[in-house]
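Shown next, in structure tokens, is the structure this report addresses.
The values are calculated or read from the model by the stated rules, or taken from the named source; none is laboratory data. If you're wondering where the values come from, they're calculated on a predicted model, not measured in any experiment. A quick note on method: Cβ atoms are made from the backbone with ideal geometry, for glycine too, and the neighbour counts reach across all protein chains shown. Remember, those area values only see protein heavy atoms, side chains included, never the ligands or the DNA or RNA. Shrake-Rupley method; radii C 1.70, N 1.55, O 1.52, S 1.80 Å.
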Amino acid sequence: RSDKELPPIAERPTESSRVPGAWGKMPEPDEFEDLPEVENHLFNPNWTGKMTWDFAVMFLVVTDSIILPFQLSFKHGMPEDAFDEVWFWITTVVFFTDVLFSFNTAIENPSQPGTWILSRLRIAKNYLLGWFSIDFFSTIPYGRLAETFGDGSSAGAVRLLKMLKFLRIMRLMRMLRMSKLRAVWERLEIRIGSIAIIQSIMLMKVLFFVVAMCHWSACLFWVIGRPESLLTDLLPGDSAEKFQQMPHWTTLSRRDGPDQGEWSYEQKPLPEQYIFCFYWTLGVMRTMPAEVTPVNFPERIFVLLFMFFALSAFAVSVASLTQAYFKIFERGRTFNDELFFVRMYMNRFGAQKPLEQRVKKFLAHLFERRRIMAKETNLMEKLPEVLKHEVQSMLVWHHLQKLEILNDLGKGAIQEICAASTLSDHMPGVLLCTKGEVAEYAWILCSGQLQVLDEQGCRWRSMMGASRMTVVDQETLTTPETVKSPLTVSTATVCELLQISKATFLKFAGQDQAGATRIWRKKFQAANTGVIKVQFSGLETDEAQNTICASATTAVLMSGGH
């Protein structure tokens with residue numbers, strides 16, 4: 001297997017030695033996110049389709065937590081309409097399907113991080129002892145079962161039927177599974193890639209929390225204010241009768257004016273009832289609305305408790321909204337503030353305008369490339385040196401992939417070349433190569449624009465893009481012979497460039513090919529131009545011959561000789 005091949009899905013015991021508790025090495029998520037299955041027809045939890053399913057289930061859970069309280073409060077005692085019927089079957093089918101998927105999805109082994117549990121017996125045991133009870137019992141349609149098997153002929157049966165319908169509230173227990181969204185959200189953040197969009201989503205998250213809190217409070221306020229509601233269904237007979245005889249804010253007669261007729265909120269249309277309750281709960285967070293006041297003891301207790309809760313919730317929500325809003329523009333605003341002091345500093349000593357402009361452009365370049373005022377910088381500095389080198393190699397490899405000649409090299413040589421290459425920032429006007437002079441380095445444009453003086457003496461700028469020059473003097477890396485630059489190239493703006501030394505590149509590329517087989521050596525012999533003459537008698541050569549073979553083979557491989 002070559003170094004470029006992906007690792008096997010799992011390194012695990014053979015079928016003959018498998019025991020219930022078998023495990024497998026966990027694949028890398030980036031390499032296997034499109035692989036739907038692992039072994040034994042188990043779903044890969046890192047598969048994009050499975051994570052999309054989990055996100056859809058969590059979306060239904062959140063939506064159900066909004067719809068279900070509305071159904072239990074404002075639609076209490078009403079016959080189910082078409083929407084209620086469709087929503088019931090969608091959520092029931094999806095939630096039960098999710099239970100089946102949970103029995104057929106590989107899980108991470110908690111005792112051995114980095115491995116998967118692939119035994120169906122252990123997966124089932126782990127799920128049954130964990131989330132199964134919440135997932136299963138919160139999905140059972142208690143109300144439909146009660147209507148199917150209950151005759152409703154006696155008062156006790158009617159009461160039991162009402163209590164079973166109340167158990168629909170157990171669907172809200174699935175909100176506890178929202179912790180699964182963390183893994184999905186982390187993957188989504190990476191794919192979005194924009195900090196401004198992420199912060200905007202966080203702002204919307206706080207707004208959604210405020211809306212959800214007002215919605216749930218509106219439903220509770222309506223339940224407390226009605227003579228017959230979900231609350232009276234759960235109370236004993238005498239207590240329910242006393243509660244119904246009390247005055248309620250929903251049944252209290254009201255007038256819009258002296259000559260207007262009487263009305264009550266219980267007589268209002270359903271949309272108007274809900275809008276008023278939502279408005280009232282939002283108003284209680286700031287002050288007490290004058291339209292409605294509690295008229296019995298249970299309502300006063302509810303309003304008292306809600307006002308204590310609303311006071312703190314409103315303060316936290318306002319602070320979170322403010323913080324989320326300012327985070328969207330925090331970095332840019334801070335940079336502009338500090339750049340103002342830089343301008344004041346330079347003006348104090350009479351700096352010329354061109355110098356000030358160059359300073360501003362260079363600092364803006366560092367800001368855009370996240371070299372300064374980036375929150376990840378402090379955390380990355382805490383990494384050990386080994387991880388720092390790996391991260392730096394990753395950054396270099398991101399740009400080094402533009403060199404097609406690297407396709408024939410192994411992982412070891414590529415890592416050495418990445419470690420030897422340097423990323424650097426250059427001011428405008430820096431000369432990278434001159435036409436007709438020996439090219440000792442190759443350059444890769446990471447950001448900015450280059451200025452090129454072509455063979456006709458015309459100057460033009462090379463911006464980022466597929467049709468523009470992004471690699472300078474790439475030919476010098478393909479052969480150990482002397483290569484002269486065909487163009488004169490310099491920086492037109494502040495640029496970030498990756499510098500690759502020809503000598504270093506050929507050194508590590510040659511070491512990678514030093515162990516080549518007889519086929520590659522014959523390939524060199526067939527393409528030998530007479531510049532380098534080496535006779536190969538076999539794979540066993542002395543050290544000097546092997547070194548020459550490495551450099552020669554590298555030149556042939558990179559030049560595409562056959």
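Inside the range 326-358, can you point out the residues that are farther than 23 Å from ARG369 by Cα, among the polar types (S, T, N, Q) and surrounded by 10 or more Cβ atoms within 10 Å (Cβ to Cβ)?
Going residue by residue through the range 326-358, those that are farther than 23 Å from ARG369 by Cα are 344-353.
Next cut, among the polar types (S, T, N, Q) only: 347, 352.
The one that is farther than 23 Å from ARG369 by Cα, among the polar types (S, T, N, Q) and surrounded by 10 or more Cβ atoms within 10 Å (Cβ to Cβ): ASN347.
Could you look through the range 68-89, keep only residues that are part of a helix (DSSP H, G or I) and open to solvent by less than 30 Å² (accessible area, probe 1.4 Å), and pick out the one that is farthest from SER119 (Cα to Cα)?
Residues of the range 68-89 part of a helix (DSSP H, G or I): 68-73, 82-89.
If we keep only those that are open to solvent by less than 30 Å² (accessible area, probe 1.4 Å) as well, we get 68-69, 71-73, 84.
Values: LEU68: 37, PRO69: 40, GLN71: 42, LEU72: 42, SER73: 45, ASP84: 40 Å.
Ranking the qualifying residues of the range 68-89, first place goes to SER73.
Residue-level check: of (1) in contact (Cβ under 8 Å) with a residue 24 or more places away in the chain; (2) within 26 Å of the chain's Cα centre (by Cα); (3) surrounded by fewer than 16 Cβ atoms within 10 Å (Cβ to Cβ), PRO110 misses just (1).
Yes or no, residue by residue, for (1) of a type in the set (Gly, Ala, Ser); (2) within 27 Å of GLY429 (Cβ to Cβ); (3) touching a helix residue (DSSP H, G or I) at 6+ places or on another chain (Cβ under 9 Å):
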{"residue": "LEU339", "(1), (2), (3)": "no, yes, yes"}
{"residue": "ASN347", "(1), (2), (3)": "no, yes, yes"}
{"residue": "GLU356", "(1), (2), (3)": "no, yes, yes"}
{"residue": "VAL359", "(1), (2), (3)": "no, yes, yes"}
{"residue": "GLU376", "(1), (2), (3)": "no, no, no"}
{"residue": "HIS389", "(1), (2), (3)": "no, no, yes"}
{"residue": "GLU404", "(1), (2), (3)": "no, no, yes"}
{"residue": "ASP408", "(1), (2), (3)": "no, no, yes"}
{"residue": "GLU416", "(1), (2), (3)": "no, no, yes"}
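Note on the range 351-406: enclosed helices (runs of 4 or more DSSP H) holding 3 or more residues that are without any contact (Cβ under 8 Å) to a residue 40 or more places away in the chain and of a type in the set (A, V, I, L, M, F, W, C) are 353-368, 385-400.
Just one of the numbered conditions (1) surrounded by 18 or more Cβ atoms within 10 Å (Cβ to Cβ); (2) at pLDDT 90 or above; (3) touching a Phe, Trp or Tyr at 6+ places or on another chain (Cβ under 6 Å); (4) of a type outside the set (A, V, I, L, M, F, W, C) is not true of GLN499: (1). Answer yes or no: is there a residue in the range 443-459 that is over 26 Å from GLU356 (Cα atoms), open to solvent by less than 40 Å² (accessible area, probe 1.4 Å) and modelled with pLDDT of 90 or more. Within the range 443-459, one or more residues are over 26 Å from GLU356 (Cα atoms), open to solvent by less than 40 Å² (accessible area, probe 1.4 Å) and modelled with pLDDT of 90 or more. Return only the number of the condition from (1) over 14 Å from VAL489 (Cα atoms); (2) not in a strand (DSSP E or B) that LEU423 does not satisfy. Answer for LEU423: the failing condition is (2).
Hey, any hits in the range 99-106 for a residue that's farther than 30 Å from GLU228 by Cα, open to solvent by 50 Å² or more (accessible area, probe 1.4 Å) and in contact (Cβ under 8 Å) with a residue 40 or more places away in the chain?
Taking every residue of the range 99-106 in turn, at least one turns out to be farther than 30 Å from GLU228 by Cα, open to solvent by 50 Å² or more (accessible area, probe 1.4 Å) and in contact (Cβ under 8 Å) with a residue 40 or more places away in the chain.
The residues of the range 394-436 that are surrounded by 14 or more Cβ atoms within 10 Å (Cβ to Cβ), at pLDDT below 90 and polar (S, T, N, Q) amount to a single one, GLN415. Residue count for the range 246-302 satisfying the condition of being within 13 Å of SER217 (Cβ to Cβ), open to solvent by 40 Å² or more (accessible area, probe 1.4 Å) and free of Cβ contacts under 8 Å to residues at least 12 places away in the same chain: 1.
Considering each residue of the range 276-292, count those that are in a loop (DSSP other than H, G, I, E, B) and under 23 Å from ALA315 (Cα atoms), and give that number. Lay out the reasoning, then the answer.
First, pick out the residues of the range 276-292 that are in a loop (DSSP other than H, G, I, E, B): 285-292.
With the extra rule that they be under 23 Å from ALA315 (Cα atoms), the set shrinks to 285-290.
Total satisfying the criteria: 6.
Is the range 191-201 home to any residue that is under 24 Å from GLN71 (Cβ atoms), part of a loop (DSSP other than H, G, I, E, B), modelled with pLDDT under 90 and not hydrophobic (A, V, I, L, M, F, W, C)? Quick ask: steps written out before the conclusion?
Applying the first criterion (under 24 Å from GLN71 (Cβ atoms)) to the range 191-201 yields none.
Looking through the range 191-201, none of the residues is under 24 Å from GLN71 (Cβ atoms), part of a loop (DSSP other than H, G, I, E, B), modelled with pLDDT under 90 and not hydrophobic (A, V, I, L, M, F, W, C).
Condition test on PHE209, is it closer than 19 Å to PRO271 by Cα and among the aromatic types (Phe, Trp, Tyr)? Taking the combined requirement at face value, the residue does not satisfy it.
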